[in-house]
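Heads up: the structure comes next, in structure tokens.
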Amino acid sequence: MTTFSKVDRCPEEVEDVLMMHPAIYDVVVISVDDLKRGQQFKAVVRVKPEVRECSHLAADIIDYARDRVAPEKAPHRVDFVNDMPRTGRKI
């Protein structure tokens, strides 16, 4: 859990929301340092095989999260990866 401006933010809550995005195959939300805000969330995303990454996909994912969780809980950045090793979590 991360606290920002006295608001507790749980990455699992954001992950659950982002997993409903039609382009996302897997996602991990992590807390990263931010000079202006102290801590922010970053989403590390693996897209579905049939989805092509494009310039607006990261912005679309951030907007999707902002529409479904409080704005301070939405990820500030999105990084795309080709593989995401996992243990103990079913996809």
Study note, to complete from the structure: Reported set for segment 4-53 where residues are among the small types (Gly, Ala, Ser) and in a strand (DSSP E or B) is SER31, GLY38, ALA43
Study note, to complete from the structure: Among the residues of segment 54-66, the number that are farther than 14 Å from ASP16 by Cα and either open to solvent by 60 Å² or more (accessible area, probe 1.4 Å) or part of a strand (DSSP E or B) (or both) is 4
Check your understanding: If the Cβ limit is 6 Å and pairs must be 6+ apart or interchain, which residue in segment 1-23 that is more than 24 Å from VAL51 (Cα to Cα) and modelled with pLDDT under 95 pairs with which residue that is exposed (fewer than 11 other Cβ atoms within 10 Å of the Cβ) and among the acidic types (Asp, Glu)?
Key -> MET1/ASP8
Check your understanding: Residues in segment 67-91 that are crowded, with 17+ Cβ neighbours inside 10 Å and outside any loop (DSSP other than H, G, I, E, B): how many?
Key -> 2
Revision key, fill the gap. Residue set VAL29, VAL44, VAL51, VAL14; condition closer than 16 Å to VAL81 by Cβ, of a type outside the set (Lys, Arg) and crowded, with 19+ Cβ neighbours inside 10 Å; output residue VAL29
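The values are calculated or read from the model by the stated rules, or taken from the named source; none is laboratory data. Keep in mind it's a predicted model, so treat the numbers as computed, not measured. All Cβ positions, even for glycine, are placed from backbone atoms using ideal geometry, and neighbour counts span all protein chains on display. We work out accessible area using only protein heavy atoms, side chains counted, and drop any ligands, DNA or RNA first. Shrake-Rupley method; radii C 1.70, N 1.55, O 1.52, S 1.80 Å.
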